[in-house]
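Structure first, commentary second.
Taken together, the values in this text are just the output of simple stated rules run on the coordinates, not laboratory data. Just so it is clear, the model here is predicted, and its values are computed rather than measured. Here the Cβ positions follow ideal geometry from the backbone for every residue, glycine too, while neighbour counts run over all protein chains shown.
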Ligand SMILES: [Zn+2]
């Protein structure tokens, strides 16, 4: 296992996020399996929330499917996406949760998608995570950003409207 994966595993163990992932696995009676790069997979998750096929908590990827399904070569991009979230947990620790929900809120408010403008999903790879890679901004966000830009550049000639 590469040093980077060991570091991630140790950090997510120390910051408690892997413990939270293991607790979710135990409480939901998901079965723990060995994944790749030292990541654990909790398979057979059955609760309706969140609606995604997998989600990551610390160094534990929780999935509705089986570990074999997620480790299949065809799902390499998805595994890479979830693994990237595990690395984000190593850096952010429990702050991942408020950061993630704030990023979801921002993305949803500006585009109607939880992922497109969510910096944590962008960092993990939108396409690999099953998100659209781009969506137009909602009208209020377009106006707001235009207002911010025009305030930042007072030297420029004013726009005709
Ligand atoms: Zn994701």
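Using only Cα atoms, find the angle between the long axis of helix 139-152 and the longest principal axis of the chain, and express it within 0 to 90 degrees, rounded to the nearest 10. Computed tilt is about 60 degrees. Extension gain for residue 28-residue 47 works out to 6.1 nm (0.36 nm per residue, less the C-alpha to C-alpha distance). Over the chain, DSSP H runs of length four or greater, each weighted -39,500 (n - 2.57), average out per residue to a 222 nm ellipticity of -15500 deg cm²/dmol. Give, as ranges by residue number, the residues of the stretch 109-144 whose backbone N falls under 14 Å from the point 7 Å along Cα→Cβ of residue 77. Counting backbone N atoms under 14 Å from the label point, the list is 124-134.
Can you compute the FRET efficiency between residue 36 and residue 3 using 1/(1 + (r/R0)^6), with r the Cβ-Cβ distance and R0 = 22 Å? Round to the nearest 0.05. Taking R0 as 22 Å, the efficiency between residue 36 and residue 3 is 0.90.
Rounded to the nearest 10 degrees, the angle from helix 96-111 to the longest Cα principal axis of the chain is 40 degrees. One decimal place: the segment residue 123-residue 10 gains 38.5 nm when fully extended, by the rule 0.36 nm per residue minus the C-alpha distance.
Roughly what angle does helix 3-14 make with the longest principal axis of the chain, taking Cα atoms, 0 to 90 degrees, to the nearest 10? Tilt relative to the chain: about 90 degrees.
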